[in-house]
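The values are calculated or read from the model by the stated rules, or taken from the named source; none is laboratory data. A quick note: this is a predicted structure, and the numbers were derived from the prediction, not measured. Counting neighbours? That spans all protein chains shown, and the Cβs are built from the backbone with ideal geometry, glycine included.
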Amino acid sequence: MKVHHVGYLVKSISKAKQKFQKLGYYVEHDAMYDESRNIDICFLRNGNERIELVAPKNSGDSPIVALAKKIGNAPYHICYECEDIAKSVDQMVNEDGYMVIQELQPAPAIQNQLVAFLYNVDIGLVELVEIKMEEKK
Amino acid sequence: MTTLEKLQEIFRDVFADEALVLNDATDSSDIEAWDSLAHIRLMSVVEQEFGVKFSFKELSEMKNVGALVECIEKKL
């Protein structure tokens, strides 16, 4: 599967963005609030590499808030592209031992493409994003 | 070994606490490290060890060990 982006947990989008810009990244989609996940998101690019900065709002007992408290500013998931997300999720759950921790939903920061989060005890968190063939061209 | 005994072994391993004792009423308020993040890891290990699959709904609705035992036994 092709990597779409690396998810990077940060406390401050603006501070992290400045540091990544000095490393050669540019802003692909500026910071926006994702209400369904209660996080701020910003996408950065550096050549073919893409980073998703994620700053959770510190409220409630969500896995991402707990993770942020535990690891601080650090990468925490890799997102992979697939053409049929329902089929890929089904295959990963039933054949490869993944568990769905966030069901399919549109991601406002990626043009409302469908995304899902899965977990496997051996490799941790994985995100899938549905990118149709015609959208890749 | 009963489901509860096997679960106790898993909980002891996941939470690195050999003194941990489970009963049906044990929930996340009884184990300090059992937050939403630990819940994901715990359920993933439980799936692997028992050879069962939990739906997203089951994962979010299991409130205590008794409910977990019941859910596992229905699937075995």
Query raised in the report: Looking at (1) free of Cβ contacts under 8 Å to residues at least 24 places away in the same chain; (2) in contact with a helix residue (DSSP H, G or I) (Cβ under 8 Å, 6 or more places away or on another chain); (3) not aliphatic (A, V, I, L, M), which is the one condition that is false for A:SER62?
Result: (1)
Requested in this report: Go through the residues of region A:67-74 one by one and say whether even a single one is surrounded by 19 or more Cβ atoms within 10 Å (Cβ to Cβ), closer than 25 Å to A:TYR25 by Cβ, at pLDDT 90 or above and within 14 Å of chain B (Cβ to nearest Cβ).
Outcome: no
Query raised in the report: Where residues in region A:93-113 are facing chain B (nearest Cβ under 10 Å) and in a loop (DSSP other than H, G, I, E, B), which of them is surrounded by the most Cβ atoms within 10 Å (Cβ to Cβ)?
Result: A:TYR98
Requested in this report: Residue by residue through region A:30-48, note down the ones that are in a strand (DSSP E or B) and either acidic (Asp, Glu) or surrounded by 15 or more Cβ atoms within 10 Å (Cβ to Cβ) (or both).
Outcome: A:ASP30, A:ALA31, A:ASP34, A:ILE39, A:ASP40, A:ILE41, A:CYS42, A:PHE43, A:LEU44, A:ARG45
**Report entry** Residue among A:LEU53, A:LEU128 that alone is surrounded by 13 or more Cβ atoms within 10 Å (Cβ to Cβ), in contact with a Ser or Thr (Cβ under 6 Å, 6 or more places away or on another chain) and touching a residue at least 40 places away in the same chain (Cβ under 8 Å)
**Finding:** A:LEU128
Requested in this report: Return yes when A:GLU81 is out of contact with any Ser or Thr (no Cβ under 8 Å at 6 or more places or on another chain), within 27 Å of B:HIS39 (Cβ to Cβ) and away from every other protein chain (no Cβ under 14 Å) and no when it is not.
Outcome: no
Query raised in the report: If we scan region B:13-20, do we find a residue that is within 18 Å of A:TYR98 (Cα to Cα), touching a Leu at 6+ places or on another chain (Cβ under 6 Å) and part of a helix (DSSP H, G or I)?
Result: yes
Query raised in the report: Counting just the residues of region B:24-55 that are under 11 Å from the mean Cα position of the chain (by Cα) and away from chain A (no Cβ under 14 Å), which one comes out surrounded by the fewest Cβ atoms within 10 Å (Cβ to Cβ)?
Result: B:ASP24
**Report entry** Test result for A:ASP122, modelled with pLDDT of 90 or more, more than 10 Å from chain B (Cβ to nearest Cβ) and loosely packed, with under 13 Cβ neighbours inside 10 Å
**Finding:** no
**Report entry** Selection count where residues are assigned to a loop (DSSP other than H, G, I, E, B) and more than 12 Å from every other protein chain (Cβ to nearest Cβ), scope region A:55-66
**Finding:** 3
Query raised in the report: If you scan region B:27-68, which residues turn out to be acidic (Asp, Glu) and either in a loop (DSSP other than H, G, I, E, B) or within 20 Å of A:TYR98 (Cα to Cα) (or both)?
Result: B:ASP30, B:GLU32, B:ASP35, B:GLU47, B:GLU49, B:GLU58, B:GLU61
